[in-house]
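Accompanying notes for the structure given below.
The values are calculated or read from the model by the stated rules, or taken from the named source; none is laboratory data. None of these values were measured; they are calculated from a predicted model. Note: ideal-geometry Cβ built from the backbone for every residue, glycine included; neighbour counts use all protein chains shown.
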Amino acid sequence: MNQEIPSDVAAPQQPRGGAPGASGTSATVTEAAPAPRRGRPRDPLLDDRALQATLDVFGEKGWAGLTYDEVAARAKVGKSSLYLRWPTKERLLADALRRTQQQSAPQQVSGDADAGAGAGADGASGPGTSSGPPDVSTAAAAAASTTAADVSLRSYLVHHAMRRAELYVGEHGLAMLRLYVEARALPEVFAEIQKEAITSFVLAQRHRVEEAIAEGDLSEGASVVQLLDAIEGAVLMHVLVTPPELTARMRQTLPEYVETLVDTQLRAAAGPGSRAPGPASAG
């Protein structure tokens with residue numbers, strides 16, 4: 001005859017995975033923590049190596065030769081890591097170009113007194129006016145600008161001309177120069193890259209010169225495009241036509257060249273009654 005068990009009496013719990021211990025109580029069972037995932041930690045320098053390799057390959061081989069295989073081999077990274085970060089070649093190259101332009105940007109401006117160091121009384125630099133020409137990186141840092149409104153037009157233009165020169169003669173100068181050619185040959189492919197790497201900077205400079213005209217620093221009839229083309233174009237040609245054996249000398253004299261160039265163009269753009277920006281001008 002079966003004896004009915006009262007409902008308030010709990011049935012004994014059987015231990016999971018084994019018999020009761022010697023004391024007769026059930027063994028406490030806890031779930032094991034998941035095993036830690038194994039694998040190599042993310043390399044914080046991977047991005048730097050990948051972007052560096054991208055500029056090297058693009059400078060040497062152009063757009064057609066820029067492949068994930070080549071970049072991965074030079075950077076010593078897996079292709080999957082490249083695809084994960086940069087799904088397209090366009091994005092990869094755009095980030096690489098942005099990185100090198102940010103690295104070439106000087107840090108701060110000390111004003112026209114420093115930017116015009118070594119300039120003569122007429123605003124033109126000449127031999128014997130300074131203790132010696134600094135290299136392009138040092139001069140660019142001395143002529144840098146925090147914001148366009150913080151410095152005079154002259155300092156602003158010297159800064160940007162030196163910055164552009166640093167890109168041309170720097171480690172990845174060949175990649176920057178090739179960008180112009182590829183953008184003309186493949187306008188659809190390079191539309192966004194050109195907008196980010198070139199057009200945005202040009203528009204910012206045009207806006208700054210337009211402000212100077214509105215404030216009376218330059219003649220009302222001054223051509224913004226011609227002024228900037230004369231400066232930027234002269235810097236580019238100066239770099240391109242210099243023979244390789246004279247590159248080191250060109251780099252040392254480049255700060256003096258740029259300051260004289262900017263002063264000459266500003267004097268040409270200054271009309272009667274305008275406050276022509278010069279080395280002695282603070283505004």
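Structure values in brief
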item: Any hit, region 212-224, residues being closer than 20 Å to residue 57 by Cα and among the hydrophobic types (A, V, I, L, M, F, W, C); result: no
item: Breaking point among (1) at pLDDT 95 or above; (2) within 19 Å of the chain's Cα centre (by Cα), for residue 103; result: (1)
item: Verdict on residue 259 being assigned by TED's automatic domain parsing to the domain that holds residue 176, in contact with a strand residue (DSSP E or B) (Cβ under 6 Å, 6 or more places away or on another chain) and among the acidic types (Asp, Glu); result: yes
item: Among (1) at pLDDT 50 or above; (2) farther than 26 Å from residue 191 by Cα, the one test that residue 27 misses; result: (1)
